[in-house]
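Novice: This is the structure, below, for whatever I ask next.
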Amino acid sequence: MTATIDDYIKALPGVLSALVSGNERLYAKVYQEETQYARLTQARVNQNGGIFQEQLTLFLSNGLSMISMSVEGDLPSPDQIRGLVQALREDLPYVPQDPWLTLNETPEQLETGNAHGSMHFDALVNTLCESAGKQDLVGLVLSGPQVLAVCSSLGHCLIHRGGGSSIDVSFFDADYNAVKRVRRDPDLADIPALMTGMSQDLKALQQPAVNIKAGIYRAWLSAEALGELLSTISWNGFSVDSIRSGSSPLNKLYNGEKQLSPRIHLYENRQMGDVPSFTSEGFLLPAEVPLIQDGQAKNHLSSPRAAKEFDTNINSDSGYPSALHLRGGDLPDSEVLQRIGTGLYIGRLWYTNISDPASCRLTAMTRYDCFWVEGGALVGPLSPVRMDSSIYQLLGEDLEALGMHVHQIPETQSYGQRGWGSSSLPGVMTALKITL
Amino acid sequence: MLNSGPMIVEHMRVTAYRAADLLRAFRYWSVLIEERSQLTTSVRRGVADAPDREVLKAALITLGSGNNVSYASTTDLSEGGLRRAIASAKSRAEALAAFRLMETACWPAAVQKGQWQSPTGAGMSLKERFDYMRALDAAMATDERIRDRQVVLTSMDRHRFFMHSAGAEQFQETQLCIPHMEATASDGHEAQSRSYGPYVQGSLNAETLKALDFTPETALRIATEALELLQAPECPTGVTDVVLSPAQMTLQIHESIGHPLELDRILGDERNYAGWSFVKQSDFGTLRYGTPLLNILFDPTEKGQLAGYAYDDEGTSALPTYLIQNGILQRPLGGARSASRAGMEAVACARVCDPLRQPIDRMANVNLQPGHSSFQEMISQVEKGIWMDENRSWSIDQRRDKFQFGCEWGRRIENGTLGGWVKNPNYRGRTLSFWNSLAAVGNRDTYQIAGTPYCGKGEPNQAITVGHASPVCLFRNIETFGGDV
């Protein structure tokens, strides 16, 4: 299937260029994935399926007007594309001019990523269920290739390939204790050991739960917990539109009113995150964009359209970060409990939202492997509690240390289509305000 | 007579029959075909973005082989594409049969035949849409402190044809009207936003938009309110009475009633992603969920609400069903498949966002039934409290117990009278104690329908439409607070 989609993509620039005239520009975005999935409940296959999804989006512009059409179904033939372009052409006179429309007039060629098949999907699912034994295994297995391409009548041909296998699974017990693991392209031979490790970690949680009162506690946020907070800030934290309109929760960071700890160095790193590094308008994106350096705002993220509106450089497809990388610090994972002393070990957070945009205050619930720690040792699992803290406290005044090890956290979302790439984050030693 | 006409019905029937012919070799199968067209237009800060048309076609094949069932989704509706989907489902079902959760005989069998149509009508031309949006945008541009303005109109026309080996043959047409506008005011120090999004089933046209108050008058009002919020004091911290608007009740019902009553959550299917539920199967029929004023109706048959239909995506016929009556928990939101596993009675709530995902238990329309209090009667019962409107922030634990929600704006209530505005109003609580603090339910004059097109759940992930309707409600002794000063 990969050869067929490759042939289709590589022929597209020629097809598109034959369909335009005068000042017209025609861009096409192609997406294809062929995914198998299995939902697991109680170490059994609850639902399983396959997804074969192809979509072509055409963007037709003439001067400063543009209109787009996405077609999901069989990828259209050159003749069918001609018909779609004609339909767009008929609508175009009714589309207002867009002074911020920006297209890359320089044709670019790029191929990144790797195509992954679904070589051992059945074996992976069966091995997981078998290796889980009597544990209550629940979660999702995904497997298969995906490809994204942008081509144009000017000659662009930009391709990113990805996919592969991923497991996102948990063990639960009857007392709501749970542990979770996410792995990209796991080796079949490693699955039994992974399940054994999860069993041991779940056993560590099977102690009387500890209830804590509202207050401020020293806390270690694992890389996954920190990633949950940063993903919420990413909604509109770093885009130039949000910052210039004042609606970014990081507004005070970007206007210099606040700063984070000088140890915070945060980047959008597309190369490290293995995500597409081009935009729908045919622009190539930088491998790395420093967002925060020495705790101070450095760059915002600008899509091509926003870059023209706000007179900045193009460094993003949408304004949302897709591959955050936070530089690590000096605290080894092995010393985390000792460094907590008495306080909280937060393995994961859940359902984060912004409770006060002006102060970038975030609220979230604890979930999975969260512990009460005393004297540098785990005492017992933490009863679910709510945090409500400002990022200026968490990564500012209250930041004690950054973990030495930077963890790769695969993107697991699959709304509309499978997500790409990963973020790279360390854990952080800080203080959390617990409210309920 | 369906608005889409016999051509589309026939065209989709041909595709579904083609799939059905390929599936006759199997004893258990179903096929769901969807054709959907969608148009999104937006104007932001006075400038129109490129209109985005979508024409989407996909099929969901379900088949049993080797005493196991597998799904196959495909956008390739050619005979070859359908054959490949069926072959992959057969192969997968057999390869994973050893660890199946359910035998094929326990999967739902749908027999009903019928057609259904949401409210429908003619749409707007591109020019009419942009003219309408520009008028709204201009109405919000009242002050240089209005730093961001956005108007988005999305219209969708969706056709689904479903067939089942047990005999079901169902055609449904749904039109959606998804308008949204938002104004953000900023003084350089902080920003405050007000938004308005009355989402309904039906055609997106000027008549509908005006009936929904999606007008320049509303645009001017929300811009004015955003500016006013910049001057407002923070919502006070303390334990006080709270009066919630229908728009905020939508979120409250959704998060702390709808989701915890989904049977697949109760069975544990969502624990790895969307979460579990504090509700147990043994709670149905006995658990006091709220005060006797609380009556919650599951009603996909309510036309015009965002998630209306006659059949769910497993072919089960929809009927209005009380989930909570006089405060007592009655029924879960469990589709036929989940209900079969749980040994409970099903409701028609097994839904897909589109045929590229499998059916899971969903809310559809979940409504709080009106009571008898007028708005003024409720305000007059409050010695000290906060009125809150339009959700801005939402967070709840994975078992749907401890929540914290925030609104775009609020007003003080003192000695039975509405007072000045407050900004950043938030409140938090626990689900059962909150619903058991319900002290008054507004009458039908205060009742409004709302909903969201973006309820997220499931693995692989699905975002789907849900409808909610509610009157204004009064709750006693709730923990409230504002932003950091």
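The values are calculated or read from the model by the stated rules, or taken from the named source; none is laboratory data. Here the structure is a predicted model, which means the values were calculated and not measured. We place every Cβ from the backbone using ideal geometry, glycine too, and count neighbours over all the protein chains shown. These area figures cover heavy atoms from the full protein model, side chains too; ligands, DNA and RNA do not enter into them. Shrake-Rupley method; radii C 1.70, N 1.55, O 1.52, S 1.80 Å.
Novice: Of all the residues that make up the range A:304-324, how many are part of a loop (DSSP other than H, G, I, E, B) and more than 14 Å from every other protein chain (Cβ to nearest Cβ)?
Specialist: Step one: list which residues in the range A:304-324 are part of a loop (DSSP other than H, G, I, E, B), which gives A:311-323.
Next, from what is left, pick out any that are more than 14 Å from every other protein chain (Cβ to nearest Cβ): A:311-317, A:320-323.
Looking only at that region, the number is 11.
Novice: Here is a follow-up. Starting from the range A:198-213, keep only residues that are polar (S, T, N, Q), then list their pairs with residues that are part of a loop (DSSP other than H, G, I, E, B) whose Cβ atoms are within a distance under 7 Å, requiring at least 6 positions of separation or different chains.
Specialist: A:S199/A:Q135; A:Q206/A:D173; A:Q206/A:N177; A:N211/A:S383
Novice: Okay, moving on. Hey, among the residues in the range A:353-368 that are more than 7 Å from chain B (Cβ to nearest Cβ) and part of a strand (DSSP E or B), which one's farthest from A:I434 (Cα to Cα)?
Specialist: Restricting to residues being more than 7 Å from chain B (Cβ to nearest Cβ) and part of a strand (DSSP E or B), the top hit is A:Y368.
Novice: Confirm whether A:L382 is touching a residue at least 24 places away in the same chain (Cβ under 8 Å) and touching a Phe, Trp or Tyr at 6+ places or on another chain (Cβ under 9 Å).
Specialist: Values: touching a residue at least 24 places away in the same chain (Cβ under 8 Å): yes; touching a Phe, Trp or Tyr at 6+ places or on another chain (Cβ under 9 Å): yes.
In short, yes.
Novice: Exactly one of (1) part of a loop (DSSP other than H, G, I, E, B); (2) in contact with a Lys or Arg (Cβ under 6 Å, 6 or more places away or on another chain); (3) at pLDDT 95 or above is unmet by A:Y392. Its number?
Specialist: All conditions pass for A:Y392, except number (1).
Novice: Specify which of the listed residues (A:L103, A:L60) is open to solvent by 20 Å² or more (accessible area, probe 1.4 Å), modelled with pLDDT of 95 or more and not aromatic (F, W, Y). Spell out how you get there, then give the answer.
Specialist: Numbers: A:L60 fails: open to solvent by 20 Å² or more (accessible area, probe 1.4 Å).
Of A:L103, A:L60, the one residue that is open to solvent by 20 Å² or more (accessible area, probe 1.4 Å), modelled with pLDDT of 95 or more and not aromatic (F, W, Y) is A:L103.
Novice: Output the number of residues of the range B:223-251 satisfying the condition of being more than 23 Å from the chain's Cα centre (by Cα) and not in a helix (DSSP H, G or I). Before you say what the answer is, go through the steps one by one.
Specialist: Filtering the range B:223-251 for residues more than 23 Å from the chain's Cα centre (by Cα) gives B:223-242.
Then drop every residue that is not not in a helix (DSSP H, G or I), which leaves B:232-242.
Within the range B:223-251, residues that are more than 23 Å from the chain's Cα centre (by Cα) and not in a helix (DSSP H, G or I) number 11.
Novice: In the range A:180-191, is there at least one residue being closer than 30 Å to A:S280 by Cβ, touching a Leu at 6+ places or on another chain (Cβ under 8 Å) and not hydrophobic (A, V, I, L, M, F, W, C)? Spell out the reasoning first.
Specialist: Quick first cut of the range A:180-191, residues closer than 30 Å to A:S280 by Cβ only: A:182, A:184-185.
Now narrow it down to the ones that are touching a Leu at 6+ places or on another chain (Cβ under 8 Å): none.
Within the range A:180-191, none of the residues are closer than 30 Å to A:S280 by Cβ, touching a Leu at 6+ places or on another chain (Cβ under 8 Å) and not hydrophobic (A, V, I, L, M, F, W, C).
Novice: Let me ask something else about it. Please list, ordered by first then second residue, the pairs with beta carbon atoms under 6 Å, 6 or more apart or interchain, first in the range B:133-157 and assigned by TED's automatic domain parsing to the domain that holds B:T224, second part of a helix (DSSP H, G or I) and open to solvent by 40 Å² or more (accessible area, probe 1.4 Å).
Specialist: So the pair list comes out as B:A135/B:P216; B:L136/B:P216; B:A139/B:P216; B:A139/B:L220.
Novice: Here's another thing I want to ask about it. Tell me yes or no: at least one residue of the range A:331-344 is open to solvent by less than 20 Å² (accessible area, probe 1.4 Å), out of contact with any Pro (no Cβ under 9 Å at 6 or more places or on another chain), at the interface with chain B (Cβ under 10 Å from one of its Cβ atoms) and in a strand (DSSP E or B).
Specialist: no
Novice: Can B:G258 be described as in the same structural domain as B:N391 (by TED's automatic domain parsing) and either open to solvent by 10 Å² or more (accessible area, probe 1.4 Å) or more than 21 Å from B:W394 (Cβ to Cβ) (or both)?
Specialist: Numbers: in the same structural domain as B:N391 (by TED's automatic domain parsing): yes; either open to solvent by 10 Å² or more (accessible area, probe 1.4 Å) or more than 21 Å from B:W394 (Cβ to Cβ) (or both): no.
Spelling it out, it is not the case that B:G258 is in the same structural domain as B:N391 (by TED's automatic domain parsing) and either open to solvent by 10 Å² or more (accessible area, probe 1.4 Å) or more than 21 Å from B:W394 (Cβ to Cβ) (or both).
Novice: Can you report the number of residues in the range A:250-260 which are in contact with a Gly (Cβ under 8 Å, 6 or more places away or on another chain) and either within 30 Å of A:R184 (Cβ to Cβ) or surrounded by 22 or more Cβ atoms within 10 Å (Cβ to Cβ) (or both)? First the steps, then the outcome.
Specialist: First pass over the range A:250-260, keeping only residues in contact with a Gly (Cβ under 8 Å, 6 or more places away or on another chain): A:250, A:255, A:258-260.
In the following step, the residues that additionally are either within 30 Å of A:R184 (Cβ to Cβ) or surrounded by 22 or more Cβ atoms within 10 Å (Cβ to Cβ) (or both) were identified as A:250, A:260.
Of the residues in the range A:250-260, 2 are in contact with a Gly (Cβ under 8 Å, 6 or more places away or on another chain) and either within 30 Å of A:R184 (Cβ to Cβ) or surrounded by 22 or more Cβ atoms within 10 Å (Cβ to Cβ) (or both).
Novice: Of the numbered conditions (1) without any contact (Cβ under 8 Å) to a residue 40 or more places away in the chain; (2) more than 7 Å from chain A (Cβ to nearest Cβ), B:V111 fails exactly one; give the number of that condition.
Specialist: It is condition (1) that B:V111 fails.
Novice: Would you mind finding the one in B:E10, B:E34, B:E54 that is open to solvent by less than 30 Å² (accessible area, probe 1.4 Å), of a type outside the set (V, I, T) and either outside any loop (DSSP other than H, G, I, E, B) or touching a residue at least 24 places away in the same chain (Cβ under 8 Å) (or both)? Quick ask: steps written out before the conclusion?
Specialist: Details: B:E10 fails: open to solvent by less than 30 Å² (accessible area, probe 1.4 Å); B:E54 fails: open to solvent by less than 30 Å² (accessible area, probe 1.4 Å).
B:E34 is the lone residue from the list that is open to solvent by less than 30 Å² (accessible area, probe 1.4 Å), of a type outside the set (V, I, T) and either outside any loop (DSSP other than H, G, I, E, B) or touching a residue at least 24 places away in the same chain (Cβ under 8 Å) (or both).
Novice: Something else: Counting just the residues of the range A:88-134 that are touching a strand residue (DSSP E or B) at 6+ places or on another chain (Cβ under 7 Å) and more than 30 Å from A:G421 (Cβ to Cβ), which one comes out farthest from the other protein chains (Cβ to nearest Cβ)?
Specialist: In this case the residue turns out to be A:R89.
Novice: Another one. When the range A:270-286 is examined, which residues are found to be within 20 Å of A:A297 (Cβ to Cβ) and at pLDDT 95 or above? Steps first, please.
Specialist: Looking only at the range A:270-286, we keep the residues that are within 20 Å of A:A297 (Cβ to Cβ), and these are A:270, A:285-286.
Hits for the range A:270-286 are A:L285, A:P286.
Novice: Next question. Working only within the range B:37-51, note down all residues that are over 22 Å from B:G202 (Cα atoms), touching a residue at least 60 places away in the same chain (Cβ under 8 Å) and part of a loop (DSSP other than H, G, I, E, B).
Specialist: B:R45, B:G46
Novice: For the range A:262-284, does any single residue satisfy the condition of being closer than 24 Å to A:G341 by Cα, surrounded by fewer than 20 Cβ atoms within 10 Å (Cβ to Cβ) and in contact (Cβ under 8 Å) with a residue 60 or more places away in the chain?
Specialist: Yes; the residues of the range A:262-284 include at least one that is closer than 24 Å to A:G341 by Cα, surrounded by fewer than 20 Cβ atoms within 10 Å (Cβ to Cβ) and in contact (Cβ under 8 Å) with a residue 60 or more places away in the chain.
Novice: Moving on. Would you please name the residue that is modelled with the lowest pLDDT, looking only at residues in the range A:72-90 that are open to solvent by less than 20 Å² (accessible area, probe 1.4 Å) and more than 15 Å from A:I9 (Cα to Cα)?
Specialist: If we filter the range A:72-90 for residues that are open to solvent by less than 20 Å² (accessible area, probe 1.4 Å), which is where we start, we get A:72-73, A:76, A:81, A:85, A:88.
Applying the additional criterion that residues be more than 15 Å from A:I9 (Cα to Cα) yields A:72-73, A:85, A:88.
Working: A:E72: 93, A:G73: 86, A:V85: 98, A:L88: 97.
Among them, the one singled out is A:G73.
Novice: Turning to a different aspect of this structure: Search the range B:318-329 for residues being of a type outside the set (A, V, I, L, M) and crowded, with 18+ Cβ neighbours inside 10 Å, and hand back the single one that is nearest to B:L63 (Cα to Cα).
Specialist: At the first step, the residues of the range B:318-329 found to be of a type outside the set (A, V, I, L, M) are B:320-322, B:325-327.
Narrowing further to those that are crowded, with 18+ Cβ neighbours inside 10 Å: B:321, B:327.
Working: B:T321: 30, B:G327: 41 Å.
Selected residue: B:T321.
Novice: Are there helices (runs of 4 or more DSSP H) fully within the range A:235-288 with at least 3 residues that are within 14 Å of another protein chain (Cβ to nearest Cβ)? List them. So that I can check it myself, show each step before the final result.
Specialist: Working: elements: A:240-245, A:251-254, A:270-273.
Where helices (runs of 4 or more DSSP H) fall fully within the range A:235-288 and carry at least 3 residues being within 14 Å of another protein chain (Cβ to nearest Cβ), they are A:240-245, A:251-254.
Novice: Right, another one. With (1) under 22 Å from the mean Cα position of the chain (by Cα); (2) open to solvent by 30 Å² or more (accessible area, probe 1.4 Å); (3) within 14 Å of chain A (Cβ to nearest Cβ) as the list, and B:V151 as the residue in question, which single condition is left unmet?
Specialist: Looking at each condition in turn, B:V151 falls short on (2).
Novice: Hey, any hits in the range A:292-302 for a residue that's farther than 22 Å from A:N236 by Cα and not in a helix (DSSP H, G or I)?
Specialist: No - not one qualifying residue is present in the range A:292-302.
Novice: Sticking with this one: One residue is enough: does the range B:340-347 have a residue meeting the conditions crowded, with 24+ Cβ neighbours inside 10 Å and in contact with a Ser or Thr (Cβ under 8 Å, 6 or more places away or on another chain)? I'd like the intermediate steps shown before the answer.
Specialist: Pass one, the range B:340-347, residues crowded, with 24+ Cβ neighbours inside 10 Å: B:346-347.
This time we only want the ones that are in contact with a Ser or Thr (Cβ under 8 Å, 6 or more places away or on another chain), so: B:346-347.
Yes: the range B:340-347 contains one or more residues that are crowded, with 24+ Cβ neighbours inside 10 Å and in contact with a Ser or Thr (Cβ under 8 Å, 6 or more places away or on another chain).
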